[in-house]
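Asks: Can you read through this structure? Questions will come right after.
The values are calculated or read from the model by the stated rules, or taken from the named source; none is laboratory data. Bear in mind that the values here come from a model prediction, so they are computed numbers and not experimental data. Cβ placement follows ideal geometry from the backbone for every residue including glycine, while neighbour counts extend to all protein chains displayed.
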């Protein structure tokens, strides 16, 4: 039986594993995709203490190797269910079932979709959710980014160095970014802002050919582009736990600042829980808190 099973190996999950191992707890981390979470898509991180400029991949590698060096066991399996019993809990994956004293859910979030016909069909054929992953495929071409947050603006800035032109489409006229980042965007000559507009149609057979926009006056705009990068937010990855763990109306785990869920011994940390600020530094903070709370629970219940 494990002391702590951590679901997810983003910054929050890896931080939790580091804290748990430093308390000599037997730790298993389960990850369905790639370690590092969404930070691996960030080219340059400037707001993480003591790391003035570091890529998301490099930071993820540091965290991952630190967890391994401390003795955390990391397996790449998809968690499909969890169960709660009086004396232990079970984590069920697509390959195995694990018994554990506590669980930390650090599942993060997935890309939010436009839910427009053609989006799924043209994924990888002009549609992408990751500019740093796929931007180089569109060198000297015309592309669009849709979104109003940090990711959308950072994607646009990144792509402006690669492509011929970037259209940044915003469904309102407000951007949810700080002034310094918006100033960087404003200085780019090959970026055009299209405000108060929605993508209403995606066209193309074997590859993306163009998109149709509708503005707030119901005017139509056609853009002939070769790439569309969707950056409209994230959806928490909590669907498999909804029968046991309380979620809010947006699907986030309801957890307090100590990362406690409605089930004793099960904690939520990172972007998948209810909170006011979702940043790299708050994800790692959650991981430390959740691990500390799990350790307290183990030491009290199993002494």
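Asks: Got a sec? Which of 200, 132 is in contact with a helix residue (DSSP H, G or I) (Cβ under 9 Å, 6 or more places away or on another chain), touching a residue at least 40 places away in the same chain (Cβ under 8 Å) and not assigned by TED's automatic domain parsing to the domain that holds residue 284?
Replies: The match here is 132.
Asks: Please indicate, with yes or no, whether at least one residue in the stretch 285-302 is surrounded by 23 or more Cβ atoms within 10 Å (Cβ to Cβ) and under 22 Å from residue 148 (Cα atoms).
Replies: Among the residues of the stretch 285-302, not one is surrounded by 23 or more Cβ atoms within 10 Å (Cβ to Cβ) and under 22 Å from residue 148 (Cα atoms), which makes the answer no.
Asks: When the residues of the stretch 120-139 are narrowed to those that are surrounded by fewer than 16 Cβ atoms within 10 Å (Cβ to Cβ) and not in a strand (DSSP E or B), which ends up modelled with the lowest pLDDT?
Replies: 133
Asks: Please go through (1) touching a residue at least 12 places away in the same chain (Cβ under 8 Å); (2) at negative phi for residue 180 and return the number of the only condition it doesn't satisfy.
Replies: (1)
Asks: With the requirement that a residue be modelled with pLDDT under 95 and loosely packed, with under 15 Cβ neighbours inside 10 Å, what does the stretch 249-273 give you?
Replies: Correct list: 249, 250, 251, 256, 257.
Asks: Further question: If you take the residues in the stretch 184-225 that are under 16 Å from residue 142 (Cα atoms) and out of contact with any strand residue (DSSP E or B) (no Cβ under 9 Å at 6 or more places or on another chain), which one is surrounded by the fewest Cβ atoms within 10 Å (Cβ to Cβ)?
Replies: Applying the filter and picking the extreme gives 189.
Asks: Regarding residue 46, is this residue surrounded by fewer than 16 Cβ atoms within 10 Å (Cβ to Cβ), free of Cβ contacts under 8 Å to residues at least 24 places away in the same chain and in the same structural domain as residue 254 (by TED's automatic domain parsing)?
Replies: The answer is yes for residue 46.
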